[in-house]
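In what follows, a single structure is set out as structure tokens and then discussed.
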Amino acid sequence: MSEPMTGPRAKLYINTGVVTDRSDIYNILRPLLKQTVSYTYHRGTQITGQGTGWVERIVVDHPEIASYFTPLSICLNLDSFDYLQFDTTSEQLLIYTLVIGEERVVLEFAAGSPRLADPDEGAAARPLPRDAAELARDLRFIQMELLMSPEATDEDDDA
């Protein structure tokens, strides 16, 4: 006969859910790491920012790191948000909504669907890079590597 569980039971999410546990949020968002996503920032009922960017980092338990959204790099600090809501569209694509108070950021995987206008092609557009290799070959983007100071590297080694 099996013994009863003493700790909290794991939750079950099938295609949709509201997730508050940081490790569950991380695992649900992990497939977005090193991918291109579109993002829309809502403050109340107003859309105050939107764009398409590259998910560079997903962090948790680092209150000193901000979440930011730019076309070159996106960093998601899960401590910046109260919870994650995710839904599956009829096309089997996921929509992620990170919420803090009355503000939310909606993320959608942008595997080849969003397009940037290319000035050399007039109104025509080319798909955004889907991975690091495509990004490195695409002359529309400049890649930068930010080096950490030796003090920051020593602190990371101690953790």
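The values are calculated or read from the model by the stated rules, or taken from the named source; none is laboratory data. Model, not experiment: these values are computed from the prediction. Quick reminder, even Gly has a Cβ in these numbers, built from the backbone with ideal geometry, and neighbours come from all protein chains shown.
Among residues that are charged (D, E, K, R) and in contact (Cβ under 8 Å) with a residue 40 or more places away in the chain, Arg43 is included.
Restricting attention to the stretch 80-95, the residues being free of Cβ contacts under 8 Å to residues at least 60 places away in the same chain and either part of a loop (DSSP other than H, G, I, E, B) or in contact with a Pro (Cβ under 8 Å, 6 or more places away or on another chain) (or both) number 6. Do we have any residue at all in the stretch 107-124 that's at negative phi, modelled with pLDDT of 90 or more and in contact with a strand residue (DSSP E or B) (Cβ under 9 Å, 6 or more places away or on another chain)? Scanning the stretch 107-124 turns up at least one residue that is at negative phi, modelled with pLDDT of 90 or more and in contact with a strand residue (DSSP E or B) (Cβ under 9 Å, 6 or more places away or on another chain). Summed over the stretch 81-95, residues that are surrounded by 18 or more Cβ atoms within 10 Å (Cβ to Cβ) and under 20 Å from Lys34 (Cα atoms) total 2. Note on the stretch 59-79: residues that are assigned to a loop (DSSP other than H, G, I, E, B), closer than 16 Å to Asn27 by Cα and either charged (D, E, K, R) or modelled with pLDDT of 95 or more (or both) amount to 1. Condition check for Leu98 on (1) surrounded by 13 or more Cβ atoms within 10 Å (Cβ to Cβ); (2) more than 19 Å from Asn15 (Cα to Cα): one failure, at (2).
Assessment of the stretch 15-32 against the conditions (charged (D, E, K, R), modelled with pLDDT of 90 or more and part of a strand (DSSP E or B)) yields no matching residue. Flag: Ser23 matches the condition of being out of contact with any strand residue (DSSP E or B) (no Cβ under 9 Å at 6 or more places or on another chain) and among the small types (Gly, Ala, Ser).
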